[in-house]
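What follows is a set of notes on a single structure, which appears directly below.
The values are calculated or read from the model by the stated rules, or taken from the named source; none is laboratory data. Predicted model, so just to flag it, every value in this text is computed and none were measured. Virtual Cβ from ideal backbone geometry, glycine too; neighbours counted across all protein chains shown.
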Amino acid sequence: MAKFDSILGTVGGTPLVRINNVAPKHVTLYAKVEAFNPLGSVKDRLALGVIEAAERSGELKPGQTVIEATSGNTGIGLAMVCAQKGYPLVVVMADSFSVERRKLMRFLGAKVVLTPAALRATGMINKCLELAKTHGWFLTRQFENEANADMHSRTTAPELLADLAGERFDYWVTGYGTGGTLKGVARVLRRERPDTKIVVCEPADAPLIQSGEAQQRQPDGTPAAGHPAWKPHPMQGWTPDFIPKLTGEAVDSHLIDRLISIPGPEALKASRDLAAKEGVFVGITAGATFAGALKVAETAEPGSTIVCMMPDTGERYLSTPLFADTPAEMTAEEIAIFRSTPLYADVELPQPA
Ligand code: PMP
């Protein structure tokens, strides 16, 4: 399909890409590259799913302001959907998330309200709830909204099933931010591919589910307090400081077969390896999920097929630790290349980075 009524028609339908150079040879490793969505992340699906569900239910009125608390990708997806459909959008975001994210949302016409990082995800959500209540704005409630998981059951899961029809599908590896991807895909896999093992990765610094400690909730499912097992981690978009309702439901329905901890440096290295050795340019959580897939491969029987989610593009992380070792100036090696031919021999070059 190459012709669409609007940009919204291009959400989903992302490719499953075989990883060759950085995958062990005894398994087949595929990545579902969500960077192919129009605004570069898996959250474009949720944005379209929750807005269209609210339009259908009548909860969202024409021209009503939409508001959400987000680590960025949801806000960027919502900004695209709201721009196309004509809803004003306010995004509440902790000031620790990358500057690229803020600028992208503002470029797409949204207002971005920043909360101090010290107040954590729960602080950002509380501010969002207060604003929505005070102004009568439509809150998308990505962490609790069943339309989030539904969109993945209706799009992400069938895409995986179609692409792997008639093939082995031994493991599906993911992380969680809201748990929309996890709950929505896993429940369909359980039904349609009951032999597929569902593997969930958490940051080593925030093993919330692995800690076994229950999340305290308000009656509406929002967190009553931050989770004690949470510490800051570099996987922006994964594991907020609480177990979201949608994630908790996936745990309670026994949709998870294995939990894996991913140290931050491993996630960053995996993302860099995917770019430099495979040409797959994806973000930190994609690297983290891939690191999880490599751990699965260590004990997977030869011939297994492992599928991992790659939630967003690497371009969203230029100002983050992912690019910390990537210089902007020429290195000594690059200067040597410049000097290896006579043209512009007298040009003064800056000191190597
Ligand atoms: N990775 C990134 C970069 C994200 O922004 C998100 C969503 N916050 C996720 C992974 C997790 O997706 P989900 O909300 O469906 O669990």
When F338 is evaluated against the numbered criteria (1) within 16 Å of the ligand (Cβ to nearest atom); (2) part of a helix (DSSP H, G or I); (3) not aliphatic (A, V, I, L, M), which criterion, by number, is the only one it fails? (1)
Looking at region 269-295, which of its residues are more than 28 Å from G212 (Cβ to Cβ) and not charged (D, E, K, R)? S271, L274, A275, A276, G279, V280, F281, V282, G283
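In region 223-262, what residues are of a type in the set (S, T, Y), more than 15 Å from the ligand (Cβ to nearest atom) and either in contact with a helix residue (DSSP H, G or I) (Cβ under 8 Å, 6 or more places away or on another chain) or in a loop (DSSP other than H, G, I, E, B) (or both)? Talk me through it step by step, then tell me what you get.
Residues of region 223-262 that are of a type in the set (S, T, Y), as a first pass: 239, 247, 253, 261.
This time we only want the ones that are more than 15 Å from the ligand (Cβ to nearest atom), so: 253, 261.
Once the filter is applied, which keeps residues that are of a type in the set (S, T, Y), more than 15 Å from the ligand (Cβ to nearest atom) and either in contact with a helix residue (DSSP H, G or I) (Cβ under 8 Å, 6 or more places away or on another chain) or in a loop (DSSP other than H, G, I, E, B) (or both), region 223-262 yields only S253.
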Scan (1) surrounded by fewer than 24 Cβ atoms within 10 Å (Cβ to Cβ); (2) touching a residue at least 40 places away in the same chain (Cβ under 8 Å) for the single condition P116 breaks and write down its number. (2)
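Modelled with pLDDT under 95, touching a Leu at 6+ places or on another chain (Cβ under 9 Å), farther than 20 Å from T181 by Cα and surrounded by 18 or more Cβ atoms within 10 Å (Cβ to Cβ): which single residue out of A23, A94, A69 fits that description? Steps first, answer last, please.
Values: A23 fails: modelled with pLDDT under 95; A69 fails: farther than 20 Å from T181 by Cα.
None of the others qualify; the one that does is A94.
Here is a check on your reading of the model: is T10 at pLDDT 95 or above and touching a Gly at 6+ places or on another chain (Cβ under 9 Å)? Walk me through how you get there before you give the answer.
Details: at pLDDT 95 or above: yes; touching a Gly at 6+ places or on another chain (Cβ under 9 Å): no.
No: the conditions fail for T10.
Here is a yes/no grid of residues against (1) more than 19 Å from T313 (Cβ to Cβ); (2) among the aliphatic types (A, V, I, L, M):
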| residue | (1), (2) |
| --- | --- |
| T70 | no, no |
| G75 | no, no |
| A79 | no, yes |
| G86 | yes, no |
| M93 | no, yes |
| E100 | no, no |
| F107 | no, no |
| A110 | no, yes |
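For region 298-331, give me the residue count where each residue is in a strand (DSSP E or B) and either within 13 Å of the chain's Cα centre (by Cα) or without any contact (Cβ under 8 Å) to a residue 24 or more places away in the chain (or both). Even if it seems obvious, please write down each step before you answer.
The first filter runs over region 298-331 and keeps only residues in a strand (DSSP E or B), leaving 305-310, 312-313.
Keeping just the survivors that are either within 13 Å of the chain's Cα centre (by Cα) or without any contact (Cβ under 8 Å) to a residue 24 or more places away in the chain (or both) gives 308-310, 312-313.
Here the count works out to 5.
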What's the number of the condition A206 fails, among (1) free of Cβ contacts under 8 Å to residues at least 40 places away in the same chain; (2) touching a Leu at 6+ places or on another chain (Cβ under 7 Å)? (2)
